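A quick write-up on the structure given underneath.
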């Protein structure tokens, strides 16, 4: 069991703890986790794809040894899939069972009114927690010792769903008409929302969250990340490949390589036993970092120039 | 402490970072947790709470750096009233990042005459940038010969020599009040206001005194003159800082806002080229507002396959006999908008802004197809897909604006090209002055469009009085439109597009 109080003592300690879990982060990211923990506020993380938005939530759950509950958003996601659903099959089954025993129940009841009163005693049972199927959001609230709730790619969901999230984000509770309000257990979940910015998130949602923007890392940080993730890669090659990727990001590409691509590339180069970049090697492995044929064609011509540039660059 | 934060938020709002009261409260709690001690930490923390988009973060970074630099200086200046001037020198040295600090230390250590002289010449070179460093030197001079200076006679001079920062700050604030520094609107006025404030504080008297003293034969008087000169420079710096801060707090945007207000109502054809950028910003802002207003549109659904779980669930109340059916729904495509723009000389500017508006609304706007014509009509949708907005507009105007206007030909082209695509969910917007150069009208094609489309809206940039005069055939075309509007300013455009969105989403 990790000592949470120790970890969350300061930004530096959070950063160090993340590093132990092989997640290298900037001060800004560590500050975000620090504030989220102490202010009990959700974090909305934005940034280009592949900079470690989802990874941050995952690592945080590892760090605090809390279960991670993940809700992947998509168009058409509604409360039945996100919050709760009635176990209609079970309800149906019980209705059938009850039908047979109905006579017993109503035995001795005089008149319609009395029968209805007796039936009422049963009525609410069907809409009790017994018949409730909790979905990720409700599950997260019910988690005894708290948890990390990751609402992934919230920009993919509909506007309506955003409004649905507001209650849980600000008060850590959900209202179910048949039962009432379900409040979070002792420890409210730590909530991470991620967005790829395909559309603007509403102000109401943003207002309730801390807003963290994760940009592409700079040369040093990216080298550290590669070092943490692919420790076996020789330092000189690491410097060259990271510099190469940084150069690529400057070009006008359809999809620039993200950190996850850099890591993949590092693994590929390691597998090929390379110890420095040369144009042929890059050409052969270009499809690891670039995901569009158009981009690959565009970059082909630049490869030798960039390679020699990163090779001669000062260490 | 809270006041500082409130001031900072005011500055942020001026820098177009939208901060709601709830976020202000969040910032307060954050501040309690974080404190002012670690500047970087504070900056990172507030960056999470206050700005909520990437653009806002950039603005925030700049505002934070600027604002908190001033605050530091200001607070220190006010706190130091009781401490000796030597302390002041050290404090100021810190602000000038280490370099000044070392010099300050060296200065107080220097005791012998030659060393002092050397330092004096050195600091004279730097005197202009760092007048504050000279203060501790003045102390030394006083040490060398006790009471070598004469009393200053002018009011400001006395104040300066008294070394009382609080009094100076108060005097500065009074002067600021006197010259209404709060009314400052554009940054070029900074110098003006700084000078006015200096005047209000009695600069001319001081100047006269300094020049008198400079001519004096007596050493003490000359020394005083030099000292006053240095302090005057220091004061000038302080006043400039003060004005700068006031500018950040009060002005900056109010000037911009004024121009924006003007541009909203001005006739678009009168807009000068250099204002285009600003207009684009306004259009973007208006579009953003419309977009958020209409973002929660009502969705139109089409019935799809049977939704078994829902049906069963809902029919349980009927004893499991299924008669209330629920269906999965399929979303219907968004309605379409066809924008047909006259881009001939007289109307080109209006077309520019309408296209700008329509495409800025991409997020909430139904699918837009756009056409441009002066004599022949051509579809430019693809141009807009491939290029960024500004380029696309310029290309459109460049390529299609030649030739004299021929509405008949344009309608004919439209019929040939895409009349079949017009259906009862399509809105057609035609922008043009309906000045047909006495050519063939072919209004029957417009009638056909009118019959097929959901709405046909004609926007005419001319004012209503000019319609139907000369070669304008607005009357003929107007008969086959659902709506005819005068449209020649951003306000009009906003209204039209707003209505369009309302109908499109209904």
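In contact (Cβ under 8 Å) with a residue 24 or more places away in the chain, within 14 Å of chain B (Cβ to nearest Cβ) and under 30 Å from residue A:276 (Cβ atoms): is that true of residue A:254 in this structure?
yes
Can you name every residue in segment A:14-52 that is more than 14 Å from chain B (Cβ to nearest Cβ) and on the phi < 0 side of the Ramachandran plot?
A:16, A:17, A:18, A:19, A:20, A:21, A:23, A:24, A:49
When you scan segment A:301-315, how many residues do you find that are in contact (Cβ under 8 Å) with a residue 40 or more places away in the chain and assigned to a helix (DSSP H, G or I)?
Count: 5.
Just to be sure, is residue A:148 away from chain B (no Cβ under 14 Å) and either over 24 Å from residue A:200 (Cβ atoms) or within 19 Å of the chain's Cα centre (by Cα) (or both)?
yes
Report those helices (runs of 4 or more DSSP H) wholly inside segment B:172-276 carrying at least 3 residues which are at pLDDT 80 or above.
B:189-200, B:203-215, B:219-250
Conditions (1) part of a helix (DSSP H, G or I); (2) in contact with a helix residue (DSSP H, G or I) (Cβ under 8 Å, 6 or more places away or on another chain); (3) more than 28 Å from residue A:53 (Cβ to Cβ), marked per residue:
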position	(1), (2), (3)
A:224	yes, no, no
A:228	yes, yes, no
A:231	no, no, no
A:240	yes, yes, no
A:264	yes, yes, no
A:273	no, no, yes
A:287	yes, yes, no
A:299	yes, yes, no
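Looking at segment B:12-21, is at least one residue assigned to a helix (DSSP H, G or I) and within 11 Å of chain A (Cβ to nearest Cβ)?
Checked against the condition, which is being assigned to a helix (DSSP H, G or I) and within 11 Å of chain A (Cβ to nearest Cβ), segment B:12-21 yields at least one hit.
So residue A:198 fits all but one of (1) under 21 Å from the mean Cα position of the chain (by Cα); (2) assigned to a helix (DSSP H, G or I); (3) closer than 19 Å to residue A:49 by Cα; what number is the exception?
So residue A:198 meets the others, but not (2).
For residue A:109, only one of the following conditions fails: (1) assigned to a helix (DSSP H, G or I); (2) away from every other protein chain (no Cβ under 14 Å). What is its number?
So the condition that residue A:109 fails would be (1).
The conditions are (1) farther than 23 Å from residue B:288 by Cα; (2) crowded, with 20+ Cβ neighbours inside 10 Å; (3) within 14 Å of another protein chain (Cβ to nearest Cβ), and residue A:215 fails exactly one of them. Which is it?
Residue A:215 satisfies every listed condition except (2).
Which residues, counting only those in segment B:22-54, are outside any helix (DSSP H, G or I) and away from chain A (no Cβ under 11 Å)?
Step one: list which residues in segment B:22-54 are outside any helix (DSSP H, G or I), which gives B:35-38, B:50-53.
Scanning segment B:22-54 gives B:35, B:36, B:37.
If a residue must be outside any helix (DSSP H, G or I) and within 31 Å of the chain's Cα centre (by Cα), how many such residues does segment B:488-506 contain?
2
If you take the residues of segment B:454-487 that are touching a residue at least 60 places away in the same chain (Cβ under 8 Å) and not in a strand (DSSP E or B), which of them is surrounded by the fewest Cβ atoms within 10 Å (Cβ to Cβ)?
Ranking the candidates gives B:454 first.
Can you name the residue in segment B:366-377 that is buried (at least 16 other Cβ atoms within 10 Å of the Cβ) and without any contact (Cβ under 8 Å) to a residue 40 or more places away in the chain and, of all such residues, is farthest from residue B:413 (Cα to Cα)?
Across segment B:366-377, the extreme among qualifying residues is B:368.
The values are calculated or read from the model by the stated rules, or taken from the named source; none is laboratory data. Because the structure is a prediction, the values reported are computed rather than measured. In this analysis, Cβ positions are derived from the backbone assuming ideal geometry, glycine residues included, and neighbour counts consider all displayed protein chains.
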